[in-house]
Amino acid sequence: DAAVSLGSLGPFGVMLNYGSGTESIRKFVTPDASAAAADNACGTWWAPCGTVTAAIARATASGATFTASSPMEIVVLPGAHAGSGNCGVELGVVSAVAVYGVAPPPSSVPADDGITTPAPFASFNCASSTNLGGFAVKAPNPVTLSNLEIKNATRATGGGLFITGTGAVAVVTNVLVSHSKAGGAGGGIAVVAGAAATLTNTATVACAGGADGTGNEVRGGGLYVYGASTVTTVSKFTADSCTLPVENGKGAGVNVDGGASLSANGMVIKNSVSFFAGGLFIGTGCSPTIQNALVEGNTATYGAGVGAFAGSNAVLLDSNIKKNKASEWGGGVLAYTQSTLTLRNTTVSENEGELGGGAHAYVNGVLKVELGSVIEKNTASVSGGGVYLNTGASGIFQGAGTSVRENTAADIDGGGGVAINAGASAVFRDSFEVSGNTAARGGGGGAVCTGAGSSLTILENVSVANNVAYTRGGGMLASRGCVVTIDGAGAASSPSRSVVFAGNQVNVETERCRSGVFGGGAVALEPNIDSTGTSTDITPTTLNARYAKFHNNIAPDGGAFFVAPSDELNAAGDPRVVARAAAVDVTNVDITSNKAKGCVRSAASAACASSPRVFSASSAALYSNVTNPDTGVVGGEGGGVFAASGTVAVRAGCVVTSNEASDSGGGVRTKTASSLFVFGPATEFGNNVARAGSGGGVAHEGLAFALIGPDLKFTGNKALDGGALSLVIEPATAGLVASRASFFFERANVSTAPASANVAAADFTGNAFFVSSVFMDANVAGRRGGGGFLGAP
């Protein structure tokens, strides 16, 4: 039929194209022993050989010259071929050779690539050829393998296919290696010792390493690539249901190690089990780029999906890491000590682990999440639902479309999105988003940062939104010496408030809610106290923020910011130690429309929470025209800011407006062991409300206090007492603070007042409380002091 061409027949065309001078280089192998010709007379289509060994011998005996461009051709006819004479054959030693079937085995072709697989196909069953393996490829001649299945093969290394030695070259296409085992490494395929391999539409299914039980070199159940000069290129490769011993195996699906080079596009690794890196292991000295990978359903103790080992530097690009499960660290990915793992436009989702449901960077490891990567819907049974950064590790999160979202940390250590451990550091920048994460029993819905030497830096165009914590810090919790730096200025010529914390919450069950204990809708700080009470040089838990917005956040106390009470007051009772414990320092920051909602009254909360300021509906009615207090709520202090320890400094350019406290401090509430310093110019407290307490703008009942203008305004604030300002002075505390005033002012970096404030430096001496150049207008009190209220406990 003239309409039928050899090309249109696909792989079957090779059989019809036999003849015309090809007899000497092309030999056929039949699976039917009864149809095979004698070994010394076989090889033609009409008289095929019974084994690959016989076919190679006949081609060699022909005297033909075989080259890379014109190799010996061994055509394996469809059907099940026995192992003897086929399995364990060494290729490439004598001549260039191509061994191929006429149709690809089904499992070697990804289901979604549009290829219709003809059947039947050629299959080598090596079960009877124990420890001979499938094929071995060696130098110096190139080898091509295609359209074949190799199954039930066993060998010390490279059970199904062993490609080894400098100068060995293999091109493998449409090959399925299944149910094969290695005593140590490479149950399916091993490429080692300087060999070069190209794998296309190739799969290893139900292969295993570590079969000898010695525990040595238990690596690469599906594919093993090893050696400094070894080069492997992979396209559309699958490793499915491969295994290694769970006591010590590394990389059940794929293992690249020892400085080998691996470039992969279109890799699928799934349902595989190991100790470290159930899916993909990246070893020392390796810097692979893995593109368009799917790593799914793998299981391990550490790094269930992907494990980057010490000294590696890997990039995952346009990939999907999902539904992997680690019994301990790194459900999705793990960057081990001294490794760097970069995720670019990669999704890590629905993974599970103890520390780091999505990702874990171990001691001194580096994790980079960038360029549209998403870490979402992962779960940590302890901490770091999305990401856990261990001691000394660092994480960089950046780029438009990059986010950590909808992750959950299930236990009290918290960190629904990101957990930053002692000595670790993280950077959020350049349109990165932390959203919708949950700390189900702990703090830091979006992020938790805790311990000496830990730090979090948040730079331009970052959003922390709609995260939820159940103790402290809906958006973020900083604790025990963590230093948080926020700078959303962007371009120096036109700075903008480009870092935004919005819609974050602290939700506490009614029975557990206690006033002054839970809070910080946007950010919570826990003080860093030396338990001996003797250290004077510990790093305080610190928040330094400039050019940022904190709005529409909600918590029992401290709608936006919450500084917790000190858990460990020093033995000497020196308030200076507590003042060192935590520091909030903000400049050019908007704190707007946040709410300290308090705790709903119940038998437990009534007994343990602070008493409400308004006790009955009748008395509430007296003030409803001013503050509309809610008699069903206790607590709720600091609509914008609450602090019970440390130092709070609100500097030039800050706007604290439209915040609401159910009790005191509509804008800011500082008490107990905290100090407050507010500075102009261009600083405004406006339209804040303290519904059932004092200080619509500011309520202070703590240590040192200062309001220093110029251009420091309080307008339109409301409270029961002190519409703009409430200052409660405890005489003994006032005397102690006054005697050490210079210390407290130094904590807020105040040694002299701004020149425009018209205040002499000497005026600070001996003063615990200082107010200068402050403008108040249209503030309202329901009971006492529309502008200010000064009282004693």
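The values are calculated or read from the model by the stated rules, or taken from the named source; none is laboratory data. Everything numeric here is computed off the predicted structure, so don't read it as measured data. When we count neighbours, we look across all protein chains shown, and the Cβ atoms used for this are built from the backbone with ideal geometry, even at glycine. Note: accessible area is taken over every heavy atom of the protein model, side chains too, but ligands, DNA and RNA are not part of it. Shrake-Rupley method; radii C 1.70, N 1.55, O 1.52, S 1.80 Å.
Being buried (at least 19 other Cβ atoms within 10 Å of the Cβ) and outside any strand (DSSP E or B) is the filter here, so list the residues in segment 166-177 that pass it.
Ala168, the sole residue that qualifies.
Can you list residue pairs whose Cβ atoms sit under 8 Å apart, with the first residue in segment 247-261 being hydroxyl-bearing (Ser, Thr, Tyr) and the second being open to solvent by less than 10 Å² (accessible area, probe 1.4 Å)? Count only pairs 6 or more apart in sequence or on different chains.
Close Cβ pairs satisfying both conditions: Ser261/Thr230; Ser261/Thr232; Ser261/Cys286; Ser261/Pro288.
Taking Thr243, is it more than 25 Å from Gly165 (Cβ to Cβ) and out of contact with any Asp or Glu (no Cβ under 9 Å at 6 or more places or on another chain)?
Here the answer is yes, as Thr243 does meet what is asked.
Specify which of the listed residues (Ala190, Ala203, Ala228, Ala239) is over 17 Å from Asn271 (Cβ atoms), among the small types (Gly, Ala, Ser) and touching a strand residue (DSSP E or B) at 6+ places or on another chain (Cβ under 6 Å).
Within the list Ala190, Ala203, Ala228, Ala239, the selection yields Ala190.
What about Thr214, is it β-branched (Val, Ile, Thr), open to solvent by 10 Å² or more (accessible area, probe 1.4 Å) and at pLDDT below 95?
The answer is yes for Thr214.
Select from segment 347-371 the residues that are under 9 Å from the mean Cα position of the chain (by Cα) and surrounded by fewer than 24 Cβ atoms within 10 Å (Cβ to Cβ) and list them in ascending order.
Hit for segment 347-371 is Lys368, nothing else.
Matching residues to (1) part of a loop (DSSP other than H, G, I, E, B); (2) farther than 21 Å from Val315 by Cα; (3) open to solvent by less than 10 Å² (accessible area, probe 1.4 Å):
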site: Thr198; (1), (2), (3): no, no, no
site: Asn201; (1), (2), (3): no, yes, no
site: Gly210; (1), (2), (3): yes, yes, no
site: Phe237; (1), (2), (3): no, no, yes
site: Asn248; (1), (2), (3): yes, yes, no
site: Gly266; (1), (2), (3): no, no, no
site: Ile269; (1), (2), (3): no, no, yes
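Residue by residue, here is whether (1) more than 18 Å from Ser435 (Cβ to Cβ); (2) assigned to a strand (DSSP E or B) holds:
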| position | (1), (2) |
| --- | --- |
| Ala326 | yes, yes |
| Val369 | no, yes |
| Gly372 | no, no |
| Ala380 | no, yes |
| Phe397 | no, yes |
| Ala400 | no, no |
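So the check is Cβ under 9 Å with 6+ separation or different chains; which pairs have a first residue in segment 331-354 that's farther than 21 Å from Val273 by Cα and among the β-branched types (Val, Ile, Thr) and a second one that's open to solvent by 60 Å² or more (accessible area, probe 1.4 Å) and not in a loop (DSSP other than H, G, I, E, B)?
Thr340/Asn313; Thr340/Lys368; Thr342/Asn313; Thr342/Lys368
Scan segment 372-412 for residues that are buried (at least 24 other Cβ atoms within 10 Å of the Cβ) and basic (Lys, Arg) and report the count.
Residues in segment 372-412 being buried (at least 24 other Cβ atoms within 10 Å of the Cβ) and basic (Lys, Arg): 0 in total.
Inside segment 507-577, counting only strands (runs of 3 or more DSSP E) that do not spill past its ends, which hold 1 or more residues that are hydroxyl-bearing (Ser, Thr, Tyr) and at pLDDT 70 or above?
Result: 541-551.
Name the residue that is surrounded by the fewest Cβ atoms within 10 Å (Cβ to Cβ), counting only residues in segment 44-70 that are out of contact with any Pro (no Cβ under 7 Å at 6 or more places or on another chain) and in contact (Cβ under 8 Å) with a residue 40 or more places away in the chain.
Going through the qualifying residues, I end up with Ser70.
How about segment 405-421: which of its residues are in a loop (DSSP other than H, G, I, E, B) and under 14 Å from Tyr388 (Cα atoms)?
Answer for segment 405-421, where residues must be in a loop (DSSP other than H, G, I, E, B) and under 14 Å from Tyr388 (Cα atoms): Asn407, Ala410, Asp411, Asp413, Gly415, Gly416, Gly417, Asn421.
Return only the number of the condition from (1) open to solvent by less than 10 Å² (accessible area, probe 1.4 Å); (2) modelled with pLDDT of 70 or more; (3) not in a loop (DSSP other than H, G, I, E, B) that Asp590 does not satisfy.
Asp590 satisfies all of (1) open to solvent by less than 10 Å² (accessible area, probe 1.4 Å); (2) modelled with pLDDT of 70 or more; (3) not in a loop (DSSP other than H, G, I, E, B) except (1).
Those residues that are outside any strand (DSSP E or B) and surrounded by fewer than 23 Cβ atoms within 10 Å (Cβ to Cβ), I need them from segment 123-151; list them, please.
Ala127, Ser128, Ser129, Thr130, Asn131, Leu132, Lys138, Ala139, Pro140, Asn141
From the residues in segment 77-104 that are assigned to a strand (DSSP E or B) and within 13 Å of Arg26 (Cα to Cα), which one is most open to solvent (accessible area, probe 1.4 Å)?
So the residue we want is Tyr100.
Residues that are touching a residue at least 60 places away in the same chain (Cβ under 8 Å) and either open to solvent by 20 Å² or more (accessible area, probe 1.4 Å) or under 21 Å from Ala410 (Cβ atoms) (or both): which strands (runs of 3 or more DSSP E) entirely in segment 422-465 hold 1 or more of them?
Once the strands (runs of 3 or more DSSP E) in segment 422-465 are filtered for at least 1 residues that are touching a residue at least 60 places away in the same chain (Cβ under 8 Å) and either open to solvent by 20 Å² or more (accessible area, probe 1.4 Å) or under 21 Å from Ala410 (Cβ atoms) (or both), what remains is 447-450.
Report yes if some residue within segment 314-330 is in contact with a His (Cβ under 7 Å, 6 or more places away or on another chain), open to solvent by 10 Å² or more (accessible area, probe 1.4 Å) and in contact (Cβ under 8 Å) with a residue 24 or more places away in the chain; otherwise report no.
yes
Of all residues in segment 72-109, which are more than 18 Å from Phe124 (Cα to Cα) and at pLDDT 95 or above?
Within segment 72-109, Met72, Gly92, Val93, Ser95, Ala96 meet the criteria.
Filter segment 331-346 for residues that are open to solvent by 10 Å² or more (accessible area, probe 1.4 Å) and either part of a loop (DSSP other than H, G, I, E, B) or polar (S, T, N, Q) (or both) and give the result.
Matches in segment 331-346: Tyr336, Thr337, Gln338, Thr340, Asn345.
Just to check your reading of the model, which residue among Val363, Val315 is farther than 12 Å from Glu296 by Cα and in a loop (DSSP other than H, G, I, E, B)?
Unique residue meeting the criteria: Val363.
Considering only segment 674-691, state which residues are open to solvent by less than 10 Å² (accessible area, probe 1.4 Å) and of a type outside the set (Val, Ile, Thr).
Result: Ser674, Ser675, Leu676, Phe677, Gly680, Phe685, Gly686, Asn688, Ala690.
Which of the numbered conditions does Ala156 fail, given that it passes all the others? Conditions: (1) open to solvent by 10 Å² or more (accessible area, probe 1.4 Å); (2) under 19 Å from Thr233 (Cβ atoms); (3) hydrophobic (A, V, I, L, M, F, W, C).
(2)
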